[in-house]
Every structure is written in C-alpha cells, then in structure tokens.
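K.L.:
Supplied in structure tokens, the structure appears directly below.
Coordinate-derived values only; no laboratory data. Please read these numbers as outputs of a predicted model, since none were measured by experiment. Positions of Cβ are backbone-derived with ideal geometry, glycine not excepted, and every protein chain shown enters the neighbour counts.
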C-alpha cells in the first residue's frame, strides 16, 4: 500500500515538473523584469546568500548550465544534488532493493549546506 502511494505521488510530481517546463518553454519571456530587487543588496550594497539565485534557477531551467553555475555555484550544486536524490528516490520506489540511500538528505547535509552558503556569501562580498 505504501509503495503505491509513493508511486502515485511521484507520477504527480513528474507531471507537475513536465507542466512547469512546458509553460516555461511556451512563454519564453524575460521573467527577471518582474522579480523585485533584493532589499539587502539595495539598502546595504552587499549580496545576500540568495542573491542571483533566481537567475541561477532560470538559467538552469533554460539549459544554460555554465551561466547558472556562474550566477550562484552553491545553488547550482544544490539543484544538481536534489535532482540526483529525487531520481534515486524515484528509482528506489520502483525497485525491491533500494540503492544509494546514503545520498538522501540528512541533518548534517543541511548544516554543511548552511556553512558553505555562509562562507560563499562572505567571500563574494570581499572587495577585490
């Protein structure tokens, strides 16, 4: 029973992802114009931990992985990691024996992510 529920949720997730990608491809307009600027950057003149994250995600969806990585390497790496874990979860939902479960997110992964994001934020705000 539990496996069927997981499979149904995964099909729903894949359907939503497919729909979002189709809408993104059909619309193809510059969505960046409609997103407000970062208040931390505007007021204090420093880049916050998520500055350029939207551009990173949009470039990733558009398939421009080099630009995506350039905008925000931490977000890019996180997107790739979460996509990999999601694919592993989908594969494991349809298999009897699970594989690569050590990659599933745990508390230590999120602590490491926050530390790396903090270091990245400090380093990219150091004037050259």
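K.L.:
Out of region 92-107, which residues are within 20 Å of residue 9 (Cβ to Cβ) and exposed (fewer than 13 other Cβ atoms within 10 Å of the Cβ)?
P.N.:
Kept after step one, since they are within 20 Å of residue 9 (Cβ to Cβ), are these residues of region 92-107: 92-96, 98-101, 103-105.
Answer for region 92-107, where residues must be within 20 Å of residue 9 (Cβ to Cβ) and exposed (fewer than 13 other Cβ atoms within 10 Å of the Cβ): 94, 95, 96, 98, 99, 101, 104, 105.
K.L.:
Condition first: in contact with a helix residue (DSSP H, G or I) (Cβ under 6 Å, 6 or more places away or on another chain) and within 21 Å of residue 123 (Cβ to Cβ). Can you find one or more residues in region 76-88 that meet it?
P.N.:
Checked region 76-88: at least one residue is in contact with a helix residue (DSSP H, G or I) (Cβ under 6 Å, 6 or more places away or on another chain) and within 21 Å of residue 123 (Cβ to Cβ).
K.L.:
What residue, of 74, 57, is in contact (Cβ under 8 Å) with a residue 40 or more places away in the chain, under 11 Å from the mean Cα position of the chain (by Cα) and surrounded by 13 or more Cβ atoms within 10 Å (Cβ to Cβ)?
P.N.:
Values: 57 fails: in contact (Cβ under 8 Å) with a residue 40 or more places away in the chain.
So the residue among 74, 57 that is in contact (Cβ under 8 Å) with a residue 40 or more places away in the chain, under 11 Å from the mean Cα position of the chain (by Cα) and surrounded by 13 or more Cβ atoms within 10 Å (Cβ to Cβ) is 74.
K.L.:
On the basis of being more than 17 Å from the chain's Cα centre (by Cα) and in a helix (DSSP H, G or I), does residue 91 make the cut? Lay out the reasoning, then the answer.
P.N.:
Values: more than 17 Å from the chain's Cα centre (by Cα): yes; in a helix (DSSP H, G or I): yes.
The answer is yes for residue 91.
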